[in-house]
Structures are given as C-alpha cells and as structure tokens.
Amino acid sequence: MVSALFPTYARADLAFERGEGAWLVASDGERYLDFGAGVAVLSLGHAHPHLVGTLNAAAAKPWHVSNLFQIPQAERLAERLAQATFADLAFFTNSGAEAIECAIKTARKYHAAEGRPERYRLITFEGAFHGRTLATIAAGGNPKYLDGFGPPVDGFDQAPYGDLEAVEALIGPQTAGVLVEPVQGEGGVRVAPPRFLAGLRELCDKHGLLLVVDEVQTGVGRTGRFLAIEHAGVIPDIAALAKGLGGGFPLGACIATAEAAKGMTAGAHGSTYGGNPLATSVGNAVLDVVLEPGFLERVASLGLTLRQRLAELEDRHPTIIDSIRGEGLMFGVKTRVPNTQFTAAARAAGLLTIPAGDNVVRLLPPLIVGESEIAEAVQRLGVACAALESEAARAGAAL
Ligand SMILES: *Cc1c(COP(=O)(O)O)cnc(C)c1O
C-alpha cells in the first residue's frame, strides 16, 4: 500500500472498524481477540461505557484551557494518584516519553535544589526502553534507536539488568539516581529478579540518590498491583506513568514525593497540552474503575489463570515455546521461532499479540478481560503453535 505516513513502523495490513471490550472487528468483518491492547494502553478495553460516557460529556465542555488556569479535573486526578501511590504530586503529560523526560528533569533538579547541580547522571539498564525522544533514547541505550541521530544526550550510565554490583560500581560524584523498569516491557517482559529493586533502594539510600521507576507500561494495574514496584515492597521517589492511565486517550504522568519534586518550582517545566480537561477527565474515569475494590485482585487472579494455561501450552508445544514469564496480565512468551512469525500465526488464528525484545511475544489483554476470553486466547495460541509446527514439518520434509 502506498502511504503518505513516515514509513517508521512495520504495520500489519489490517485496519479495524469497531471494538468492544477485548474484541476488535476488522474492516473485512473478521473478529480478533485483542491481547495487545494497543501496547498495554487499553486498560479498560475498547468502548468501555464509562470511558465513552465520560469522554462524550467532556467533549461538550471546554476541551482545553491551558495551564494558565485552574484545571479541577487535573487536580482531582493528581490527588487520586497521590492517594493510590507513594507520591504526593503529579505533572501530567501526553505520552510516556514525556513522563520520563519530566522524571529525569525532576531528579536532576532535586540535586540542583540541594546545592549539588553536578549530580545529573542516571544509571539505567541494558534492555531498557524509556521512549523515543532524544533524552529517552539515550536513557534506553539501544543502539538501534540511537543510530544516526547524532551524539546521544549525556547523562546516562548503563548496567546489566539485575546486577547490583555493576550499579554500585557506576555510582560516582555526578550520579543523581537510578531509572528502572520493574518489568522490562519492550525488552522482553523481563521481570526484575528478587531483591533487585530492594537492592536499588538500599543503594540509593546509601548514596543519597533518587530511585526513579518507569511504570509507563507496568503501572495502573497491569501487573495486578497499582504500581508494579509494590510487588517488591519498595517505595520509589519518582515514577512515570502513561499507557494504561488514559485507557486510549493520550495521557501520562510523572508522580513524585514532595521531597523529590522540590526543585520543580514555578516555571521549571511545562507542557501546553499536558493535563488538559479532556485527558484528565478520561484519566479519572479509568481510575473510577481500576481503583474499585476488588479490581486489582481480579487482575492478579486472572493473571494466575493465564499463567497456568500458558504453562500447559508450553508443555504441549515445546518446539515452538521456549518459556513463559510475566506478572499480572503482562506476559511474555519466549518463542523458538522468530517472534514476528509467531505474532503473524496468532493473528491468522484471530489473536492480536505484540512482539518484544529477546524474541518474546507479549500478551497484554485489557484488564477487564474475562475468564472465557483467556481460555479462547490460549486456544487460539494453540492453533497458532500447531500451524507453526506443521510449517516447520513441511520445511523439514522439503530439505
Ligand atoms: C511505551 C513506553 C515508554 C514510552 O511511551 P510513549 O508514550 O511511547 O512515549 C516509556 N517507557 C516504557 C516502559 C514504555 O513501555
């Protein structure tokens, strides 16, 4: 297809007309079970009645007033995020990368406010993904994303994920903090090893550093807790949220303790669109559902069901599936065939999944997914595995 869009994405030749819950209907009428959820964005699935109602009501009111005025919807959302997490304060953005940018700036500015402006460097991790702005590609350190874009933004030092000794060795007089994903998403659903996050907290406390968590993908209930770092019992200083927070409306947030945000005074940072009434109305509607008693427990319990079913699938298809990992409703299936071949086979079986690093296929269903849809998805994964097995057998016979 000839397109006037930048050819920066490898798109499947598939467009959708309607969506409801965990289901998408393509323009040719084919129904797909959506276990990609727009890359972990559609926390409440497609066309959730509460989100549709909220957005329609907000659309009839001022969409945007700018941050020169009070925005009660943003005040309320910030207050609720503070209630639900370690944080006291929030800065709203339109994307994950902007939330990370704000987190980086907040960490640097904290030390500047403490009279140590030379502390501007963050320790980040191999396999990380923090976004595609110039600073966030430097933070992520993936050579593929840095190539051709000039000298990387200075201020990031990388350690292997899970390696506390390497982190401590990197800490110097210019170190401001550590930036870490509790589960590396794009990197291949790599769950932080036990004690790693607690160890980072201890190192930060020992050296006067800030612990910054990238919860853009893991936050807002994806792993069965509001923040994934809660599983480790660790309290960070700053966190970035986005994807699930808007349920499909572009919305991100940098949240922080009042102490960590103490450098972010009037004029220190800004965003024209960030936290506008439309976006923060939808964010509040997402929280109405996610913070309902029992919602996160249900995500955790569905996650256990999915994990069990995936383990059975792995047993049945050992030549296709290498291993399963994840937390809550965030799973990675490491495949023995190229992961893009697997996602194509799953799509042919009517299931949408998302490739990630380390030859992993991500399963990120909407958090409102049902038991029967989980069973249906695993059945479709079985169809995909069988198709890949017979493909391999045919290729073998042809040799
Ligand atoms: C998606 C993602 C980002 C970037 O978010 P954008 O909205 O694409 O800018 C940053 N960090 C993590 C962990 C992500 O998954």
Largest-first ranking of TYR161, TYR9 by accessible area, probe 1.4 Å, whole protein assembly kept, is TYR9, TYR161
GNM of the chain, Cα pairs under 10 angstrom: of ASN94, ASN56, ASN359, the biggest fluctuation goes to ASN56
Rounded to the nearest 10 Å², the accessible area of GLU327 using a 1.4 Å probe with every protein chain kept is 60
By the Cα gyration tensor axes a ≥ b ≥ c (a/c under 1.5 gives rounded; else a/b larger than b/c gives prolate, otherwise oblate), the shape of the stretch 224-276 is oblate
Under 5 Å from the placed amide H of GLY326, counting only residues 5+ away or on other chains, we find GLY332
Expected max-MSF residue from PHE331, PHE16, PHE226 in the GNM of the chain (alpha carbon, under 10 Å) is PHE16
For the chain the mean separation of alpha carbon contacts under 8 Å (6+ apart) over residue count, i.e. relative contact order in percent, is 22
Cα extents of the stretch 72-209 along the principal axes, largest first, in whole Å, come to 43, 36, 34
Of all DSSP beta bridges with both partners in the chain, the antiparallel percent, nearest 5, is 65
Once the in-chain neighbours fewer than 8 apart are removed, the lysines whose Cα is under 28 Å from LYS109 read LYS206, LYS243, LYS262
Cysteines of the chain without any disulfide-compatible partner (other Cys Cβ under 4.7 Å) are CYS204, CYS385
For the chain, longest principal axis from Cα atoms; helix 196-207 axis from its Cα atoms; angle between them, nearest 10 degrees, is 10
Computed over the chain: longest principal axis from alpha-carbon atoms vs helix 277-290 long axis, angle to nearest 10 degrees, is 60
Cβ-Cβ cut-off under 9 Å around VAL299, Lys and Arg +1, Asp and Glu -1: the net charge is +2
In order over the stretch 12-17: 3J(HN,Hα) from phi, Karplus 6.51/-1.76/1.60, θ = phi - 60°, whole Hz, x for each Gly or Pro, gives 6, 7, 8, 10, 10, 10
With GLU126 itself left out, Lys, Arg at +1 and Asp, Glu at -1 over residues whose Cβ is under 12 Å from its Cβ give -3
Long-range amide H partners of GLY247, meaning residues 5 or more apart or on another chain whose placed amide H is closer than 5 Å, are SER43
For the stretch 216-225, Karplus-derived ³J(HN,Hα) couplings (6.51, -1.76, 1.60; θ = phi - 60°; whole Hz; x for glycine and proline) come out as 4, 9, 8, x, 6, x, 3, 9, x, 10
For the chain, the Debye formula with one identical point scatterer on each Cα and no solvent gives log10 I(q)/I(0) at q = 0.12 Å⁻¹ as -0.96
Net charge near GLY21 (other residues with Cβ under 15 Å of its Cβ; Lys, Arg +1; Asp, Glu -1) is -2
Applied in sequence order to the stretch 154-170, the curve 6.51 cos²θ - 1.76 cosθ + 1.60 (Karplus, θ = phi - 60°) yields integer Hz couplings, x standing for Gly and Pro, of 6, x, 10, 10, 9, 10, x, 4, x, 9, 5, 5, 5, 4, 4, 5, 7
With only helices counted (DSSP H, runs n ≥ 4, each -39500 (n - 2.57)), the per-residue ellipticity at 222 nm for the chain, to the nearest 500, works out to -12000 deg cm²/dmol
Taking Cα atoms, the helix 49-59 axis meets the longest principal axis of the chain at an angle in degrees (rounded to 10) of 50
Expected max-MSF residue from ARG11, ARG309, ARG336 in the GNM of the chain (alpha carbon, under 10 Å) is ARG11
Spelling it out for HIS130: with amide H atoms placed in the peptide plane at 1.01 Å from N, the residues 5 or more places away or on another chain with amide H under 5 Å from its amide H are GLY140
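The values are calculated or read from the model by the stated rules, or taken from the named source; none is laboratory data. Computed from a prediction, not measured in an experiment: that's the story for all the values here. Counting neighbours? That spans all protein chains shown, and the Cβs are built from the backbone with ideal geometry, glycine included. Just the protein is used for accessible areas: all its heavy atoms, side chains included, with ligands, DNA and RNA removed. Shrake-Rupley method; radii C 1.70, N 1.55, O 1.52, S 1.80 Å.
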